[in-house]
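Trainee: Submitted below is the structure of interest, expressed as structure tokens.
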Amino acid sequence: MSVKKITLLLTGLFVQSYGYADTQLDAPEISVTASKANDSLEAYKINTADTVKLLENEAGVSFYESGGVSSLPVIHGLNDDRIKILVDGAELTSACGNHMNPPLSYISPVGVESVDLMAGITPVSMGGDNIAGTISVKSVSPTYATGDDFLYKGSFSTFYRGNNNGLSSALSAAAANQNLSLGFIGTIDRANSYEDGHGNKVRSTQVDRRTQTFTLGLKGDAQELIVKVGHQDILHQGYVNQYMDMVGNSSTFINANYLRQFAWGDLDTKIYYQDVGHEMGFFSGEKTGTMPMNTEGKDYGYSIKATMPYAEIHNIRLGNEYHTNKLNDYWPPVAGSMMMGPSTFLNINHGHRDDFSAFAEVSSQWNKEWSTLLGIRDDYISSGTGNVASYNPNGGIMFATDNTAATAFNSQSHSKSYNNIDVTATARYESNPNQEVEFGYARKSRAPNLYELYTWGRGTMAMSMIGWFGDANGYVGNLNLKSEVANTASATFTWHDAENASWNVKLTPYFTYVQDYIDVARIGTFHPNMAMGDTKALLQFVNQDARFYGLDMKWSRQLWSDNQFGRGRVFGTLGWVKGERVNDGSDLYHIMPMNAKFTVEQKISNWTNAVETQLVESKTDVDNVRFESKTPGYALVNLRTSYDWKQVRLDLGVTNLFDKFYYLPLGGADYADWKANGSVGAMQSVAGMGRSINVGLTLKF
């Protein structure tokens, strides 16, 4: 039976269910298709070292498979930079031509306190320069003592994953009185390459990451200052679907947040800075070669937000934000190489991207039934970069293609500016205690990133080093790119019992038309490693209109309550999305096929037990421009149990219980295995992980 038939059957059985937990900024504010992914965070930390995958139970969310801690999120078919991603309120940028260090790679799941997801139509106060939605991740907050007592506490967590010998650990400690809090958390995530359902190693999927964060909290009667300082080292991270791996990523950050309550309302201010040093290369025998590629990135900025009640039924929010990204991307020469020397290849030379924005927003509770949210935002984005050069600006025919491209690039103006206007208008109508509807419209914009604009190399090697899509194709930028402008209409229908305790269901159909969507045009082909067994595309970023439409569903139903078997419920999600070019109706890249997840969960005393089933339809809608591969459908079964008692929590789980072999629909091309086996034939899709027995232990003291 297909995923579609199964999900239609279960939808009929549970037509009275759902479960996005509404995310509200300050009552009476509303937000269409908003959710918090926090109820099951602890249960799912056992299975992954990748923070993005804490969202895998949210309808409409999928992932570009990348490094072991660096998957790229996708919301309703829109990926990566099209999503506003905030880590403790800071906006971070991938400092890599392959986006090996995306924002959520800088925080381990074991250090996450909460994850908020706002898909599609989002309040303008949640950030601009995005067209898909917002993911906001918060690390552990400072805690304070009550009264005159001093508070001392700490915890130690460790998670082991059998398939790839993976280990995640976290040690935290805090000391506080009622006004001062000092905290520390250190995390380690490391793993070998995993095995697929046939027992074969999926090469270049190993990782080793270390993170330390210190937190200072100062709290008064109506104000609080939180300062976080930290450092992270990713010693290495393999990339099965890229030509190179990460051989080092070192970052340091500081983040300060000041909150103050006044008689007129609330003030929320933030300032942040992060410095990143990143290097690609080769670190193991699973993928070999010699070619250093270095990147230096900086992100810093501030935000000021004020919230003021007005006339009892309104909340007005005003804000100003600034974010800048600095980037140097250069490839040092390789001693003795005729192709990679004698000079440094300047890919992006002193690039910068600055976003200065202001917004105004008002939420209103007109009566018991009706509430609205209206907002407008202006983001002025400017970018630029210096002149570039190939490995050998005076070289002969071997360097002619890149030298010609460098000359053409340097002869043009590199300064670009975009004035993006975003608008959000939503309403909620609660007709009776059992149902409600949210509907709205949003105009959202995103300016091109530095790699989309400024990568210039036209040689096959230079182009194949660019691209965060995991498809083994090659990419080149386009100085003439326009901003993407997305027009989204969405409605969310919710039904539940009067107490919203026994059953609930939420359905969200949506439609997005993107003007000047940054897609690609094929400008040539090549054979990787000069092997004739496979053909890949040479692509240039271009603007063309696109449309996305689909349906999200999330539901739950109580099965039994408070008997000798404790409490039981069944819940699940369904996601379906279609993405296509407007000009010819052809399919866009990496659109997740229809997928569903169903979980039966029992809670009895201190135990929580669950059986999960994940169903994924075959992927037949593929992007022929990129030579995207089709993948068959599959079904996976997972088991988990946990025991939570006072200061101890024990987690046990089995993922892919029946050791099913399957291909990841968004896994891309398995370059690492293809190269290791002699570069013969066509690259296969990346296989998913086979059975893994996982165990976790948390001690609080």
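The values are calculated or read from the model by the stated rules, or taken from the named source; none is laboratory data. As the structure is a prediction and not an experimental result, all values here were calculated from the model. Positions of Cβ are backbone-derived with ideal geometry, glycine not excepted, and every protein chain shown enters the neighbour counts.
Trainee: Within segment 146-162, is even one residue among the polar types (S, T, N, Q) and surrounded by 19 or more Cβ atoms within 10 Å (Cβ to Cβ)? Talk me through it step by step, then tell me what you get.
Mentor: Pass one, segment 146-162, residues among the polar types (S, T, N, Q): 146, 155, 157-158.
Subset that is surrounded by 19 or more Cβ atoms within 10 Å (Cβ to Cβ): 157.
Yes, some residue in segment 146-162 is among the polar types (S, T, N, Q) and surrounded by 19 or more Cβ atoms within 10 Å (Cβ to Cβ).
Trainee: Kindly indicate whether any position in segment 442-457 is of a type in the set (D, E) and either in contact with a helix residue (DSSP H, G or I) (Cβ under 8 Å, 6 or more places away or on another chain) or under 23 Å from L538 (Cα atoms) (or both). Spell out the reasoning first.
Mentor: Applying the first criterion (of a type in the set (D, E)) to segment 442-457 yields 452.
Filter once more, keeping what is either in contact with a helix residue (DSSP H, G or I) (Cβ under 8 Å, 6 or more places away or on another chain) or under 23 Å from L538 (Cα atoms) (or both): 452.
Scanning segment 442-457 turns up at least one residue that is of a type in the set (D, E) and either in contact with a helix residue (DSSP H, G or I) (Cβ under 8 Å, 6 or more places away or on another chain) or under 23 Å from L538 (Cα atoms) (or both).
Trainee: Answer yes if at least one residue in segment 266-286 is assigned to a strand (DSSP E or B), of a type in the set (S, T, N, Q) and surrounded by fewer than 20 Cβ atoms within 10 Å (Cβ to Cβ), and no otherwise. Break it down stepwise before answering.
Mentor: The initial filter retains those residues of segment 266-286 that are assigned to a strand (DSSP E or B), namely 266-281, 284.
Filter once more, so that each one left must be of a type in the set (S, T, N, Q): 269, 274, 284.
Subsequent filtering for residues that are surrounded by fewer than 20 Cβ atoms within 10 Å (Cβ to Cβ) retains 269, 284.
Looking through segment 266-286, at least one residue is assigned to a strand (DSSP E or B), of a type in the set (S, T, N, Q) and surrounded by fewer than 20 Cβ atoms within 10 Å (Cβ to Cβ).
Trainee: Kindly indicate whether any position in segment 620-628 is among the acidic types (D, E), part of a strand (DSSP E or B) and closer than 29 Å to T492 by Cα. Full working, then the answer.
Mentor: Step one: list which residues in segment 620-628 are among the acidic types (D, E), which gives 621, 623, 628.
Narrowing the set further to residues that are part of a strand (DSSP E or B) leaves none.
Checking segment 620-628: not a single residue is among the acidic types (D, E), part of a strand (DSSP E or B) and closer than 29 Å to T492 by Cα.
Trainee: Also: Tally up the residues in segment 289-334 that are farther than 30 Å from G248 by Cβ and in contact (Cβ under 8 Å) with a residue 60 or more places away in the chain, please.
Mentor: 8
Trainee: Inside segment 287-319, can you point out the residues that are within 16 Å of Y239 (Cα to Cα) and either buried (at least 18 other Cβ atoms within 10 Å of the Cβ) or touching a Pro at 6+ places or on another chain (Cβ under 7 Å) (or both)?
Mentor: To start, the set of residues in segment 287-319 that are within 16 Å of Y239 (Cα to Cα) comprises 287-293.
K287, M291, P292, M293 - these are the residues of segment 287-319 that are within 16 Å of Y239 (Cα to Cα) and either buried (at least 18 other Cβ atoms within 10 Å of the Cβ) or touching a Pro at 6+ places or on another chain (Cβ under 7 Å) (or both).
Trainee: Which condition from (1) in contact (Cβ under 8 Å) with a residue 40 or more places away in the chain; (2) within 23 Å of the chain's Cα centre (by Cα); (3) assigned to a strand (DSSP E or B) is the one that Q614 breaks?
Mentor: (1)
Trainee: Here's another thing I want to ask about it. For segment 468-508, name all the residues that are within 22 Å of the chain's Cα centre (by Cα) and under 22 Å from F548 (Cα atoms).
Mentor: The answer is W468, F469, G470, D471, S483, E484, V485, A486, N487, T488, S490, T508.
Trainee: OK, next. Only one of these conditions is not met by S502: (1) at pLDDT 95 or above; (2) closer than 26 Å to Y429 by Cβ; (3) of a type in the set (S, T, Y). Which number is it?
Mentor: (1)
Trainee: Spot the failing condition for Q24; the list is (1) modelled with pLDDT under 95; (2) more than 15 Å from the chain's Cα centre (by Cα); (3) buried (at least 24 other Cβ atoms within 10 Å of the Cβ), and only one is missed.
Mentor: (3)
Trainee: Please enumerate the residues belonging to segment 462-493 that are of a type outside the set (G, A, S) and touching a Pro at 6+ places or on another chain (Cβ under 7 Å). Let's see the steps before the verdict.
Mentor: Taking segment 462-493 first, the residues of a type outside the set (G, A, S) are 463, 465-466, 468-469, 471, 473, 475-476, 478-482, 484-485, 487-488, 492-493.
L481 - this is the single residue of segment 462-493 that is of a type outside the set (G, A, S) and touching a Pro at 6+ places or on another chain (Cβ under 7 Å).
Trainee: Can you pull out every residue in segment 523-544 that is surrounded by 15 or more Cβ atoms within 10 Å (Cβ to Cβ), part of a strand (DSSP E or B) and not hydrophobic (A, V, I, L, M, F, W, C)?
Mentor: Correct list: K536, Q540, N543, Q544.
Trainee: Would you point out the residue of segment 461-517, among those that are aliphatic (A, V, I, L, M) and either touching a Leu at 6+ places or on another chain (Cβ under 6 Å) or part of a loop (DSSP other than H, G, I, E, B) (or both), that is surrounded by the most Cβ atoms within 10 Å (Cβ to Cβ)? Give the derivation first.
Mentor: Initially, segment 461-517 is screened for residues aliphatic (A, V, I, L, M), giving 461-463, 465-466, 472, 476, 479, 481, 485-486, 489, 491, 498, 501, 505, 507, 514.
Cutting the leftovers down to either touching a Leu at 6+ places or on another chain (Cβ under 6 Å) or part of a loop (DSSP other than H, G, I, E, B) (or both) gives us 463, 465-466, 472, 479, 481, 498, 501.
Numbers: M463: 27, M465: 24, I466: 24, A472: 23, L479: 15, L481: 19, A498: 9, A501: 11.
Looking at residues that are aliphatic (A, V, I, L, M) and either touching a Leu at 6+ places or on another chain (Cβ under 6 Å) or part of a loop (DSSP other than H, G, I, E, B) (or both), I get M463.
Trainee: Determine whether segment 672-683 contains at least one residue that is surrounded by fewer than 18 Cβ atoms within 10 Å (Cβ to Cβ) and closer than 30 Å to S155 by Cβ.
Mentor: No, segment 672-683 contains no residue that is surrounded by fewer than 18 Cβ atoms within 10 Å (Cβ to Cβ) and closer than 30 Å to S155 by Cβ.
Trainee: Being of a type in the set (A, V, I, L, M), at pLDDT 95 or above and closer than 26 Å to H236 by Cα is the filter here, so list the residues in segment 94-134 that pass it.
Mentor: Selection gives A95, M100, L104, I107.
Trainee: Scan segment 584-611 for residues that are in a loop (DSSP other than H, G, I, E, B) and surrounded by fewer than 19 Cβ atoms within 10 Å (Cβ to Cβ) and jot them down. Steps first, please.
Mentor: Applying the first criterion (in a loop (DSSP other than H, G, I, E, B)) to segment 584-611 yields 584-586, 588-594, 605-606.
Scanning segment 584-611 gives D584, G585, S586, S605, N606.
Trainee: So which of L551, L559 ends up being surrounded by fewer than 19 Cβ atoms within 10 Å (Cβ to Cβ), more than 30 Å from W456 (Cβ to Cβ) and under 31 Å from the mean Cα position of the chain (by Cα)?
Mentor: Working: L559 fails: under 31 Å from the mean Cα position of the chain (by Cα).
Selected residue: L551, the only one of L551, L559 that is surrounded by fewer than 19 Cβ atoms within 10 Å (Cβ to Cβ), more than 30 Å from W456 (Cβ to Cβ) and under 31 Å from the mean Cα position of the chain (by Cα).
Trainee: Then there is this: If I ask for residues that are closer than 28 Å to H314 by Cβ, touching a residue at least 40 places away in the same chain (Cβ under 8 Å) and loosely packed, with under 15 Cβ neighbours inside 10 Å, which ones from segment 335-379 would you list?
Mentor: W366, K368, E369, W370
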